[in-house]
1. Looking at ALA40, ALA22 in this structure, which one is touching a Lys or Arg at 6+ places or on another chain (Cβ under 6 Å), at pLDDT 95 or above and farther than 19 Å from HIS156 by Cα?
2. Could you tell me whether segment 147-162 includes any residue that is outside any helix (DSSP H, G or I), farther than 22 Å from LYS57 by Cα and not assigned by TED's automatic domain parsing to the domain that holds MET36?
3. Give segment 61-80 a look and list any residue that's more than 21 Å from the chain's Cα centre (by Cα) and assigned to a helix (DSSP H, G or I), or say none.
4. Within segment 142-164, can you find the residues that are free of Cβ contacts under 8 Å to residues at least 40 places away in the same chain and surrounded by fewer than 16 Cβ atoms within 10 Å (Cβ to Cβ)?
5. Of the residues GLY126, GLY100, GLY58, only one is within 30 Å of MET36 (Cβ to Cβ) and within 12 Å of the chain's Cα centre (by Cα); which?
6. Looking at GLY92, GLY85, GLY76, which is the one that is small (Gly, Ala, Ser), surrounded by fewer than 17 Cβ atoms within 10 Å (Cβ to Cβ) and more than 19 Å from LEU155 (Cα to Cα)?
7. Residues of segment 130-141 being assigned to a helix (DSSP H, G or I) and either β-branched (Val, Ile, Thr) or in contact (Cβ under 8 Å) with a residue 24 or more places away in the chain (or both), which ones?
8. Could you check, for segment 103-111, whether at least one of its residues is in contact (Cβ under 8 Å) with a residue 24 or more places away in the chain and over 16 Å from GLY152 (Cα atoms)?
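The values are calculated or read from the model by the stated rules, or taken from the named source; none is laboratory data. Source: prediction; values computed, not measured. Reconstructed Cβ throughout: ideal geometry from the backbone, glycine too, with neighbour counts over all protein chains shown.
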Amino acid sequence: MQGSNSAGRPRADLNATVFTAALRTVDELGYAGATMDRIAAAARTAKTTLYRRWPSKGALIIDVLLDAFSPIPELGEDREAALAGAIRWLAGKISEPGVGAAFAGVFSDAVNDPALRELLSTRFQGPYLALLMDYLGESERRVLLFIDIITGTLLHRMGMTGRPMDDDDVEMMIEMVLSVVGLQRTGRTRADAAGLWACQFSLTVSKASLWCWTRWIR
């Protein structure tokens, strides 16, 4: 049995080690292959240490993602530039090793796990939702759709190609999304009806593909 060297390690240091080990294990073995045993071994700590801090793998992965997606970027007065920058930031984060697969995997598990779903809703999505509702002055329903379109499309692309969305396509998606929220990019017209339809259609396909992809990576 592999020994633990976690005794006396500061909590923040151990968390950072575990988070790094979790993402590396997900990247190497897939979400399903990243068991608590394997994450503990990669972090050189005991599995009991993980379970004292996180009641389940899903709860651990949520904290891993909270760390990976922190800090939330500042949103300036120029809404167009701020939203475009936030989408680029999200695309960059999802493309980091292990992050996209961890994101998709925990969302898939949450479909049939109400407790995990509640954690995702309150701890992970909640801060972004509140921030965007206040910043955009939009309803919860419209902001949730905005989040769904962006996140779902990025994960859908990774699931279908095995690669993160390239920069040109991220810019095209930004163009579409800004047209949906009533903003236009400088020097360009609003996305036409076909572009808007494609953006909405991608959300529907993304939800189905995300479920299929998480099964495939396992």
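1. Result: ALA40 is the single residue among ALA40, ALA22 that is touching a Lys or Arg at 6+ places or on another chain (Cβ under 6 Å), at pLDDT 95 or above and farther than 19 Å from HIS156 by Cα.
2. Yes, that holds for at least one residue.
3. Correct list: ARG79, GLU80.
4. Residues satisfying the conditions are ARG142, LEU144, ILE147, THR161, GLY162, ARG163.
5. GLY100
6. Unique residue meeting the criteria: GLY76.
7. Matches in segment 130-141: LEU131, TYR135, LEU136.
8. No, because not a single residue in segment 103-111 is in contact (Cβ under 8 Å) with a residue 24 or more places away in the chain and over 16 Å from GLY152 (Cα atoms).
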